[in-house]
1. For segment 206-437, what is the relative contact order in percent, using Cα pairs closer than 8 Å and at least 6 residues apart in sequence?
2. Quick check for you: with a 1.4 Å probe and neighbouring chains kept, what is the accessible area per residue of segment 206-437, in Å²?
3. With each pseudo-label sitting 7 Å past Cα toward Cβ, what's the Leu373-Val209 distance in nm, one decimal?
4. Counting Lys +1, Arg +1, Asp -1, Glu -1, what net charge surrounds Ala149 among other residues with beta carbon under 13 Å of its beta carbon?
5. Ignoring ligands, DNA and RNA, please state the percent of accessible area on segment 206-437 from carbon and sulfur, probe 1.4 Å.
6. Where does the charge balance sit around Ile238 when Lys and Arg score +1, Asp and Glu -1, over other residues with C-beta under 12 Å from its C-beta?
7. Could you give the nm distance between label points at Ala355 and Arg216, where each point is 7 Å from its Cα heading toward the beta carbon?
8. Find how much the distance from Glu138 to Asn365 grows on full extension, using 0.36 nm per residue of separation minus their present alpha carbon separation; answer in nm with one decimal.
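The values are calculated or read from the model by the stated rules, or taken from the named source; none is laboratory data. This structure is a prediction, so every number in the text was calculated from the model and none was measured. Here the Cβ positions follow ideal geometry from the backbone for every residue, glycine too, while neighbour counts run over all protein chains shown. The accessibility values were calculated without ligands, DNA or RNA, using every heavy atom of the protein model including side chains. Shrake-Rupley method; radii C 1.70, N 1.55, O 1.52, S 1.80 Å.
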Amino acid sequence: MRDAERNPPDPAIPVGEGAGNRREERAEGAPERSPEPGSPALPPAEDMGPGRVPDRAPEPGGAVAGSDAGPDEDTDGPPPGVEREGDTLRFSGRLTSLSAGHVWRQAEEAAKGARRIDLSGLEGLDTSGAALVLAAQERAGGEVSVEGASEPVAAVLERARGASAKPPAPPPEKPRMGLIRRLGAWGVGRVKGVGNSTEFLGESASTVVNAARRPRDMRAADVLRHLDEVGTRAFGLILLLGVLIGVILAFQSAVPMRQYGADIFVPRLVGISLLRELGPLLAAVVLAGRTGSAFAAELGTMTVNEEVSALRIMGIDPMVLLVLPRLVAATIAMPVLALLMDLSGLVGMTLVMIARGFPLAIVVNQLHAGVQLWDLLQGLGKAAVFGLVIAGIGCRAGLQAGSGPRAVGDAATAAVVGGIVALVVLDGIFAVMFFRLGW
């Protein structure tokens, strides 16, 4: 009230009007209201920007009250103009996103029947304006010529025309190859695969020989890490499968042996089968499915991400850094896994025999009489070869992985399938060789 008495309002200025005058009076030296404690001080009126402050918020789609620009004007240049002179449609001014919407309908109506579009009067054009020009050209018939555009305007119009153009039709599908061609392509692919495998085998052999001559090239930390992955973490699975295999073999062997009253010889049969054949083979199958696929997936991911190529560029041999530790770890761990498979299988067989009424001493005596140390050594030797082959196949599949999202999965699949097939082939070769040698 005291402020009102000291500064009475001017009766000539209606209430709610003259915001600009009041601002000018305050700018000329009228005292400003002091801010409340703790609030920032208000800036002087002359620092709040030129122009008149709008009295209210603009309506949606309308202009700001108090501004000088009208609804058909662009704030950064002259308003656009659309004129029809005979069969010519002329655009002028600046045709931008701020102004194209105001003359869109007018341009489309004026474009009907036009034969040419003149852009010589355009001073500015953006993508929205270019869309309007293209829409007008399409409304006029599509074959209307656009003339008089300056270089910047023509460049924007050309980019907009390229963006709105229809994508090209997909190329026709290639005719399917005949049977002879497909057989030829399959044969060529197999020959290339054999060549790549032979190359990888040669590189692996030379890497192993060089590592034997220079042991310092092999990193012990990597070998220990892969030994943990290949061997230690697989102990639980191997023990479980071994016990189950021993139980299954004991029950299945007891059925035919009972017909001849030869149940007592079941420990000999199961022991020879496990130590010479089934123990190394089943452990190798577990290794192929668990570790071979892991090697292929890990190296395949590095190949897809071009990490292997980066190692070669830095002068580091991927065979020494990536392949050699895995080969050594699998070769060392595989006999241990086979031994665990043998022992757990014998334990499972013993449990079955005890459950069927045979004393433990009889079972142990039958195993001692039917199984020799040479049988165990044969199985462990085969297991070492199996581990080396499985690790090599997994590493080869990973290093020769292709590109794309399916490359890693294809590499893992190839490692598992190739490893199991190689196991069966090698086991057959060993069986024939041991038979011929009388072992």
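1. Details: 315 pairs, mean separation 79.4, N = 232.
Relative contact order, segment 206-437: 34 percent.
2. On the way: 11440 Å² over 232 residues.
Result: 49 Å² of accessible area for each residue.
3. 3.4
4. Numbers: positive: Arg90, Arg116, Arg159, Arg161; negative: Asp118, Glu123, Glu147, Glu151, Glu158.
That works out to -1.
5. Working: 7870 of 11440 Å².
Its accessible area is 69 percent carbon and sulfur atoms.
6. On the way: positive: Arg233, Arg290; negative: Asp342.
It works out to a net charge of +1.
7. Simple spin-label model gives 5.8 nm for this pair.
8. 71.8 nm
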